[in-house]
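Please read the structure below before turning to the comments.
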Amino acid sequence: MEKSMGGSNKELSKLCLAGFILTILPLLLLPLYLMFPRNFLLGKALPVSFLVPILGFIVSIVGLITAGIKGKRGKGFGIAGVVLPSLAVTVIALILGPFFIGNARTATRLAENEMYPLGYMLEPTNTEYDVSPYRIPGEYVFNSNDLSVSETEFEGYAESKLQTIDNKTELSIRGTFQDYNFLIVRSDMREKWLEENSYSGFQYYDGYASISYGRQGREWMTIPETLAVYIDPSDKFIIITNCNDYKIIAEFFEGIGEVEPTEATTEETTETEAPKPPEFYEEYETVVYLRENINENMSLLDIINVVDESCKDTRDDMYSLEFGTYNYSTYDHYSGEYVEVGEYYCFCIERWFRAEDGNTYILRVNVLYDVNSTNKDNKHVKMHDYQVADNFPNFFDYVRKSYAYDYASTEDIARIDIYMIDSDSY
C-alpha cells in the first residue's frame, strides 16, 4: 500500500527515542536528589547523573544520523536528546557546584592552616616525666608583663630548640625535635596568629590548654585533630606540638639528657582524680533547667531554641552537633559506666565547658528517633563549631539550617536523654 504524504507510516527511530529518555532521566531523578542529598546523591546516583546525559547525547546523534539515512521518523526526539543534555548538565552543576566549590575551598583553607603539617597526637607516653611547669592552666594570663619579641630573638630561640626548621613566618616558626613536629608562636602576637589559624582558640581539657584544627576526611567531612600547647618559662613563646611523649617535651625545654623522671605525690593524684558524686551531675543547674524545659512532645526547633537560650552567655564554649544512625549509649553516674540503649537515629547537641571548680565537663542533649527505612543507612557524623564558624558565628544557627535538622524535624521524637559527664569519662 502506498505511504501517506506526511510519512506517518515511517518507522520510529528507536535510537532517537532512547537518547531522549536517557537525556531526561536525571531530571526525573532530581526530586530524589533533593530529598536524600547524602545517601543518594553522594552514593550511587552521582556518577550516573553525569554519565546518563552524555550517553543520551551520543545515542541521539547516532539516532539522528541513522534516521536521516533510513528515512525514519522521530527526529524531534533526537534533536531534543542533543539539546537537553546541556540543560541537564547545567541544572546538575548548579546543584552540585556550590557543594564541591565550598568543600574545595574548605580543603584549601585547612591545608593552609599552620597546624595542618603537625599531624595528630597519640596517647601520652613516659608520663613519669614532669611537664607541668610548661603546661598552660585555664587561668593563665598570656604575656602578662607585656613583653615584646624581636625577630632576631625569635629566630634564635627557634634555632636553639628545633633540630630542623621547615617554615618561618612573622608569627611562627615550624620545625622538628626528635622526630616530632613543633610550632613556636610568638606570645606577643598570639591574638593575630589565632585569628588566622584557629576559630576556637585554646581549649582547656583536664585543666590545661590544647588547640584543635581540622583536616579533610573521607566524604568531604572535616575531622578535628587536637594538639598539645605549652608555654616557655620566659612567657615569650607558645609551643604547639603533636608530641605527647612527656620525656621529649621535658627535653625540648631543658635539653636532651638533662631530665629525670619524677612521680606525682599521692595527695596530688588523689585530689585530681577524686570523682564527683552522681548528685553533682544530676542536680547541676543547667541540666535541671534543660530537663524541665524539654520533652518528647516538643518540636525539634523548640528544643534547639531552649538549648540555645541556656547557652546565650557561654558562646566561647565548644559546641558540636552529632547525628546519624548508630547504637546509642547513655551514661549512668551511679554505676560509672555507659549503658547501651539501642539503635536510634540520633540528633545530639554537645557543649564542652569549664566549670568553676576548674574541671572540664560535657553536657549533651540527645534527641532520639526510631530507626526506619529513611534513616537506617544514615552515617554517623560530628560537626564542630569551628568548622562552620565562617558562615555561622552562632553555632545554633548552623544547627537549625543543617540537613540533619531538615530531616529530623519531620520525624516523631522517640525519646530525649540529657546528661552531663566529666571529660575524663568521655
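What to note about this one:
- Separation in nanometres of the label points that stand 7 Å from Cα toward Cβ, at Glu159 and Tyr334: 6.6
- Of the GluC sites (Glu not before Pro) in the stretch 292-348, those whose Cβ has at most 16 other Cβ within 10 Å and which sit in DSSP loop: Glu296
- A DSSP coil position with no more than 14 other Cβ atoms inside 10 Å describes the following GluC sites (Glu not before Pro) in the stretch 140-174: Glu170.
- Under 12 Å of direct C-alpha separation, and excluding same-chain neighbours fewer than eight residues apart, Lys10 reaches these aspartates and glutamates: Glu2.
- Close amide H contacts of Asp130 (hydrogens built in the peptide plane, cut-off under 5 Å, sequence separation of 5 or more or a different chain): Thr262.
- Shape of the stretch 116-267, Cα gyration tensor, a/c cut at 1.5: rounded
- With R₀ set to 45 Å, the beta-carbon distance separating Ile69 from Tyr120 gives a calculated FRET efficiency near 0.10.
- The 3J(HN,Hα) values that the Karplus relation (6.51, -1.76, 1.60; θ = phi - 60°) gives for the stretch 248-261 are, in residue order, 5, 4, 4, 5, 4, 7, 10, x, 5, x, 9, 10, 10, x Hz. Gly and Pro appear as x.
- Once the chain from Ser132 to Asn391 is taken as fully extended at 0.36 nm per residue, the excess over their C-alpha distance is 89.5 nm.
- Dipole magnitude for the stretch 116-267: about 560 debye, using +1 per Lys or Arg Cβ and -1 per Asp or Glu Cβ, origin at the Cα centre.
- Given R0 = 22 Å, the distance between the Cβ atoms of Asp308 and Glu283 translates into a calculated FRET efficiency of 0.45.
- With both labels modelled 7 Å from their Cα along Cα-to-Cβ, the Gln178 to Asn293 distance reads 5.0 nm.
Here, each number is a calculation from the coordinates, and none is a lab measurement. Since the model is a prediction, treat every value here as computed from it, not as a measurement. When we count neighbours, we look across all protein chains shown, and the Cβ atoms used for this are built from the backbone with ideal geometry, even at glycine.
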